[in-house]
Amino acid sequence: MFGATLLLAMRQIRRHLLRSSLTTIGIIIGVAAVITMVTLGKGLTAQIQKQIASLGSDVLIAFPQETDQNRQPRPFKQDDVIAVRQQLAGVRSVAGEVNQNVQAFHNGQNWSSKVEGVSDAFMDARGIGMDQGRRFTPAEEEAGANVCIIGPKVLQEIFVAGISPLGEQVRLNDVSCTVIGVFASRAQGGNNQDDDNSVFMPLKNVQRRFTGADTIGYIVISYDPAYSSATIQQSLIDLLRERHHLQSGQPNDFNIIDSAALNDTVSSVVARLTMAVAAIAGISLLVGGVGIMNIMLVSVTERTREIGIRLAIGALAREVRLQFLTEAVVLCCFGGLIGIFLALGISFGLAKAIDVPFIFDPFVNALSFVFSAMMGIIFGYYPARRASRLDPIEALRHE
Amino acid sequence: MTGESLIELEGITKTYGQGTAAFQALKGVDLSIAQGEFAAIMGASGSGKSTMMNILGCLDTPTSGTYRFKGVEVQAMSKDQRSLLRRRYLGFVFQGFNLLARTSALENVELPLLYRGEQKALRREAAMKALDLVGLGPWADHTPAELSGGQQQRVAIARALVTEPEVLLADEPTGNLDSERSIEIMELLSQLNRDGISILLVTHEAEMAAYAGTIVYFRDGLIERFERGHRNGARVTA
C-alpha cells in the first residue's frame with residue numbers, strides 16, 4: 001500500500017513537472033543556503049584556528065590599550081621587555097615589536113611593505129623559522145645595524161627569482177640595509193599573506209630611523225607550558241601595573257591576548273555567527289515550505305473529484321491524508337536532495353573564492369535533508385487533512 | 001434468486017440546512033430490499049431519489065430514521081466505518097463515469113483492490129478478469145480519454161465489480177450515453193444481476209427502469225408507489 005502511494009506521488013509530481021520544479025525551488029534554495037552557510041562557517045573557523053595557531057602556542061601578547069577617551073595609554077618600552085624577562089617566572093622568551101608601513105625598493109622595483117623592528121628573541125617567541133641566511137647577532141641588535149631579514153613575499157616581489165638575495169641592498173623609504181636572511185613563511189592559515197610581506201630590522205634601528213620614538217608596539221611572551229596561562233597572565237598583569245604605577249581601582253592601560261583563549265573566543269564567535277546566518281538562511285526554507293503548502297492546496301482543489309472517487313470506493317480519511325502527505329514529503333525530499341548537491345557546488349566554489357578550506361560535513365547535510373522532509377510533513381499536513389475531510393458527495397459533484 | 005433482507009429503511013428523513021432555510025429532501029421513507037434484487041428508483045429531479053441513493057450508498061447519513069445494511073445500523077457508523085463498509089460490500093457506477101483521468105483502464109479497475117491491500121499480481125489478475133467480463137480486455141491499457149462514453153462506463157462497472165460487491169449502486173448510469181450504448185449497459189447490469197449481484201439503479205428514464213424487477217417511484221421526498229417488474233420477478237416489501 002505504501003509502495004503504491006509512493007509511486008502515485010511520484011507520478012503526480014512527474015505529471016506536473018514544471019509546477020513541481022518551480023515549487024521545489026524554494027526548498028532547494030533554503031537547503032542549499034543553510035548548508036552553504038554552515039560549510040563556509042566551518043571552513044572559516046578552521047582557517048581562523050590555523051591562523052591563531054600560527055601565533056604560536058603558549059604565547060601571550062601584551063599591547064597598550066586606552067582606559068578612557070581622555071588618557072592615552074602608556075606605551076611599552078624596551079625596559080618593560082627586560083623587566084618581564086628578568087622578573088617573570090616561566091617565561092621562555094620575550095620580545096618587543098614595532099612596525100611601520102614602508103615602500104621597499106630594489107633593482108628599480110618598488111613594493112609596499114612593512115618594516116618590523118624585532119630581535120632575535122622575537123623570532124623565538126613567535127616561532128619564526130629561517131629559509132635562507134642568518135638571524136640578527138647581539139652586536140647588530142645592540143648597534144641597530146643596517147641589516148635586514150626579508151619576508152618571502154618581499155623576496156618574491158622585488159628580487160630576481162632564483163638568485164640568492166643575501167648581501168643585496170634593499171632600500172626602505174630612505175633607509176638602505178643589507179639583506180642577511182629570508183624568514184620562513186608565517187602564513188599557515190591560507191590568506192594571511194601580510195605576515196610574509198614584511199622586512200625585519202633590529203628594533204633599535206626601526207625606532208631610530210622610522211618611528212622616531214623609543215616605544216614598542218607590543219610585547220610577545222612565550223612561556224613554559226608547565227606554567228598555566230592564567231598564572232603567567234596574572235603575574236604579567238601585576239608586573240605591568242606596577243611598572244605603570246597604576247593604583248588599585250584604576251583599570252589596566254594594556255591588554256593581554258592569550259593564543260589559546262583567543263582561539264576559543266574566535267571559534268565560538270564564528271560558530272554563533274554561523275548559526276545566526278544559517279538561521280536566516282533557514283527562513284528561506286520556511287518560505288519554501290509555504291510554497292509547498294500553497295501548491296498542495298491547489299492540487300487538492302484540482303483533484304477534488306479524484307478524492308471523491310477514492311472516498312466513494314472506500315478509501316479511509318487517513319489513506320487520502322497519507323497520499324497527499326506523501327506527495328508533499330516526496331516533493332520536499334527531492335528539493336532537499338537537489339539542495340544538497342547545489343550546496344556542494346556553491347560552497348566549494350565560494351570556499352575557493354574567499355580562500356577558506358572546504359569542509360564537507362555529512363551531519364549537516366543529513367540534518368538538512370531530514371529537515372526538508374519534515375517541512376513536507378509540516379506544510380503538507382494541512383492540505384492533506386483538508387483533502388481527507390472532503391465530503392465524498394460534494395467532492396464527486398465538483399467540476 | 002432473492003434472499004433475505006439486505007437493506008431495511010425505517011422512517012428515513014434527510015434535512016439540509018437549518019431553521020427557515022431548512023429543506024427536507026426525504027420525509028420518512030420505509031423500504032426493504034432483498035438480497036439479489038434489481039431495484040430501480042425513479043422520480044423527477046428534486047424528488048429525493050439522489051439523496052436516497054447517497055444514503056443507500058452509505059455516502060451520506062440520514063437526519064433521522066434507521067438504516068440497516070445486512071442487519072447492521074449504518075446511521076450510527078463513523079465516516080471511516082462507512083468507508084470500510086463501501087469498500088467491502090458496495091460498488092458504485094456514476095452518471096459521469098468518474099474514472100481517474102490519465103490513468104489506464106486497468107489501473108482504474110485496480111484502485112478499489114489497492115485500498116483493500118491486495119498484492120499487485122492479484123490486483124492485476126482480478127482487474128483483468130473484471131475488464132474481460134465487461135468486454136474491455138483489449139482496452140486495458142487505454143486511458144479514459146481514449147475510450148468512448150460507453151466504454152468508460154464499462155470500465156466504471158468493472159471497477160465496481162472487481163471487489164465482488166454484494167450491491168451495485170448505479171446512479172443514472174446511462175445518463176450520458178446514447179440509446180444504443182444505454183441498452184448495452186442495461187443488458188450488462190441485468191446479466192450481473194442474474195449472476196447474483198443486487199442492483200440499485202437510480203434513473204429518470206422509464207425504459208431503463210423497466211430492466212429492474214422492482215421500481216420505486218419517489219415524489220417530494222416520499223415513496224409514491226411500487227411497481228413490480230416482470231423481467232426478474234424480484235420481490236419488494238415495504
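The values are calculated or read from the model by the stated rules, or taken from the named source; none is laboratory data. Computed from a prediction, not measured in an experiment: that's the story for all the values here. FYI the Cβ positions are ideal-geometry reconstructions off the backbone, even for glycines, and counts take in every protein chain you see.
Count, please, the residues in the stretch B:127-152 that happen to be more than 14 Å from chain A (Cβ to nearest Cβ) and surrounded by 15 or more Cβ atoms within 10 Å (Cβ to Cβ).
13
Scan the stretch A:255-264 and give yes if some residue there is without any contact (Cβ under 8 Å) to a residue 12 or more places away in the chain and out of contact with any His (no Cβ under 7 Å at 6 or more places or on another chain), otherwise no.
Yes, some residue in the stretch A:255-264 is without any contact (Cβ under 8 Å) to a residue 12 or more places away in the chain and out of contact with any His (no Cβ under 7 Å at 6 or more places or on another chain).
With a cut-off of at least 1 residues that are under 30 Å from A:Val370 (Cα atoms) and either within 14 Å of another protein chain (Cβ to nearest Cβ) or touching a Cys at 6+ places or on another chain (Cβ under 7 Å) (or both), name the helices (runs of 4 or more DSSP H) lying wholly within the stretch A:1-98.
Qualifying helices (runs of 4 or more DSSP H): A:2-15, A:17-54.
Hey, could you check the stretch A:220-238 for residues that are hydrophobic (A, V, I, L, M, F, W, C) and over 23 Å from A:Asp68 (Cβ atoms) and say which is surrounded by the fewest Cβ atoms within 10 Å (Cβ to Cβ)?
So the residue we want is A:Ala226.
Residues to consider are A:Phe136, A:Phe105; find the one that is more than 33 Å from the chain's Cα centre (by Cα) and in a strand (DSSP E or B).
A:Phe105
Would you mention how many residues in the stretch A:288-314 are of a type in the set (D, E, K, R), in a helix (DSSP H, G or I) and more than 9 Å from every other protein chain (Cβ to nearest Cβ)?
1
Hey, can you tell me all the residues within the stretch B:58-106 that are small (Gly, Ala, Ser), part of a loop (DSSP other than H, G, I, E, B), crowded, with 16+ Cβ neighbours inside 10 Å and within 10 Å of chain A (Cβ to nearest Cβ)?
Across the stretch B:58-106, the qualifying residue is only B:Gly96.
For (1) touching a residue at least 40 places away in the same chain (Cβ under 8 Å); (2) within 20 Å of A:Ile309 (Cβ to Cβ); (3) over 16 Å from the mean Cα position of the chain (by Cα), each residue gets a yes or a no:
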{"site": "B:Asp30", "(1), (2), (3)": "yes, no, yes"}
{"site": "B:Ala34", "(1), (2), (3)": "yes, no, no"}
{"site": "B:Ile41", "(1), (2), (3)": "yes, no, no"}
{"site": "B:Ala44", "(1), (2), (3)": "yes, no, yes"}
{"site": "B:Asn54", "(1), (2), (3)": "no, yes, no"}
{"site": "B:Cys58", "(1), (2), (3)": "no, yes, no"}
{"site": "B:Thr63", "(1), (2), (3)": "yes, no, yes"}
{"site": "B:Phe69", "(1), (2), (3)": "yes, no, no"}
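Run down A:Ser57, A:Ser93, A:Ser119 and say which single residue is outside the structural domain of A:Gln169 (by TED's automatic domain parsing) and of a type in the set (Ser, Thr, Tyr).
Within the list A:Ser57, A:Ser93, A:Ser119, the selection yields A:Ser57.
Residues are listed down the side, and each one gets a yes or a no for (1) buried (at least 16 other Cβ atoms within 10 Å of the Cβ); (2) under 20 Å from A:Ile35 (Cβ atoms); (3) modelled with pLDDT under 95:
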{"position": "A:Gly282", "(1), (2), (3)": "yes, yes, yes"}
{"position": "A:Arg303", "(1), (2), (3)": "yes, no, yes"}
{"position": "A:Ile313", "(1), (2), (3)": "yes, no, yes"}
{"position": "A:Phe360", "(1), (2), (3)": "no, yes, yes"}
{"position": "A:Val364", "(1), (2), (3)": "yes, yes, yes"}
{"position": "A:Leu367", "(1), (2), (3)": "no, yes, yes"}
{"position": "A:Ser372", "(1), (2), (3)": "yes, yes, yes"}
{"position": "A:Ala384", "(1), (2), (3)": "yes, no, no"}
{"position": "A:Arg397", "(1), (2), (3)": "no, no, yes"}
